[in-house]
């Protein structure tokens, strides 16, 4: 299914219905108006080079319509991260994918203090140049029968790239992930079979569209099904989002645990009570968050799992089948294999191994990087780089990144598991990150970083009930502001470097 074609079908079917409530601009846009807007942008994009076109616009109706307009014009949107290092990210994307034009927002560049990069075009200028004739042409086109209209916009193939998304790149340069129309539409179809979703649902869409979680679930899923999406540009504006939820009564929302912590702290009881489906992903969902959210809003926070390379959703709990702590059952049409990290054999239920995935949701590959693409696959299976196991009931349990396992005294220790246990005993408001320190003489060992001073002896004594001695942190270091990535996850690689620096400085003094 071509994504922009499916949007056209939904726009024709639900013409008078609100497609996007843009809370940043205060505008409500019907499906028929959204279709006209996308057709106008499609015609305006024709003057730019064919192939890739950069999009660097906050979560909004403007960003959604720019993505659709790009595809309608036969161009492939390259989504650019503006939250950290916008200028460098824009230039990196241009160089990596060899294109020039980036559609951006003047208001955004001013807000984030980003200079105008060569090739950038303001969406405000494009819209200011729209004439009455442009509007009339698009309006006439939009009234054509669906089949005729689909013939007037770019067609292409399901296996064509529909978007380029960049990985976080905290180890090496970011990788350019190519997701096809088939990848994203297959993921949406699988989600629909797994969770009851309806065109009457209203989704609170506040995740950034340059991350796959936001792009697939907040942008494409509602437009693919014919839902109403409520967009808001800043997921960190916790209080405003809580107020939007109370007023607009959305039935669906997804986010990261760190965002849900923010909504929990800044909301009034019952602000989110209208939510029927609410899923936390991209990081481990702590039990305390689940319990507190249920207590304050009467809503069950479900946990899911995915990856940029899998479009993204691999598994998720549902209201009917929920096992807190797990990341749920695997979506229909998706195959998961748990493989022993040493022998390569398939693991039995309950045995931890590498999580491998196969199915239509798996990416086409990394753009212009055949070697990295080949490395990512094992006998046709995509290697997520994550560790986990499937239990007897078919629920997937995530045990952390393979890189977040440390070999201490010959034992494989899950740093994520140590973190989860430590979190239970930390005072409220204290964050932690467990990292491995390599020592050629003494061997590897693990240390804890915490955001405030804590009673180490007492915490370690409590942790001994849950963990073997070998898995207990040897040292505690205080880092008041634990670095986080734009997804809200703690950046453990940066934390590791900071701890190494602290240790090095203490040895030199």
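Rule-based calculations on the coordinates, nothing more; no lab input. As the structure is a prediction and not an experimental result, all values here were calculated from the model. As a convention, Cβ positions derive from the backbone with ideal geometry for all residues, glycine included, and neighbour counts pool all protein chains shown.
By its C-alpha gyration tensor, with a ≥ b ≥ c as the square roots of the eigenvalues, how is region 178-275 shaped: rounded for a/c under 1.5, else prolate for a/b larger than b/c, else oblate?
Working: a/c = 2.27, a/b = 1.59, b/c = 1.42.
Prolate is the answer for region 178-275, as a/c is 1.5 or above and a/b outweighs b/c.
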- Query: How much length is gained if the chain between residue 475 and residue 288 is pulled fully straight, taking 0.36 nm per residue apart and subtracting their Cα-Cα distance, in nm to one decimal?
  - Reply: 64.8 nm
- Message: Tell me the volume per residue, in Å³, of the convex hull enclosing the alpha carbons of region 356-398.
- Response: 84 Å³
- Taking the Cα atoms only, what angle lies between the long axis of helix 492-508 and the longest principal axis of the chain, rounded to 10 degrees? 40 degrees
- Looks like region 409-508, by Cα gyration tensor root eigenvalues a ≥ b ≥ c and the a/c under 1.5 rounded cutoff (else prolate when a/b is bigger than b/c, oblate otherwise), is rounded
- Query: Can you give the relative contact order of the chain as a percent, counting alpha carbon pairs under 8 Å and 6+ residues apart?
  - Reply: 10 percent
- Computed over region 326-401, the ratio Rg/Rh where both radii use C-alpha atoms and Rh is Kirkwood: 0.98
- Note on the structure: Normalised per residue, the volume inside the convex hull of the alpha-carbon atoms of the chain in Å³ amounts to 157 Å³
- Summing -39500 (n - 2.57) over the DSSP H runs of n ≥ 4 in the chain and dividing by its residue number, what mean residue ellipticity at 222 nm do you reach, to the nearest 500 deg cm²/dmol? -10000 deg cm²/dmol
- Compute the long axis of helix 31-45 from its Cα atoms, compare it with the longest principal axis of the Cα atoms of the chain, and write down the angle in degrees, 0 to 90, nearest 10. 90 degrees
- Where N is the number of residues in region 370-457, Cα Rg divided by 2.2 N^0.38 Å: 1.38
- Angle between the Cα long axis of helix 61-72 and the longest principal axis of the chain, 0 to 90 degrees, nearest 10? 70 degrees
- Put in order of increasing Cβ neighbours within 10 Å, starting from the fewest, 485, 412, 10 give 412, 485, 10
- Message: Please arrange 98, 75, 401 by how many other C-beta atoms lie within 10 Å of their C-beta, fewest to most.
- Response: 98, 401, 75
- Footprinting proxy, 68, 18: sorted fewest to most Cβ within 10 Å, the residues are 18, 68
- Task: Have a look at region 28-139 and give its Rg and Dmax from the Cα atoms, expressed in angstrom.
- Result: 13.6, 40
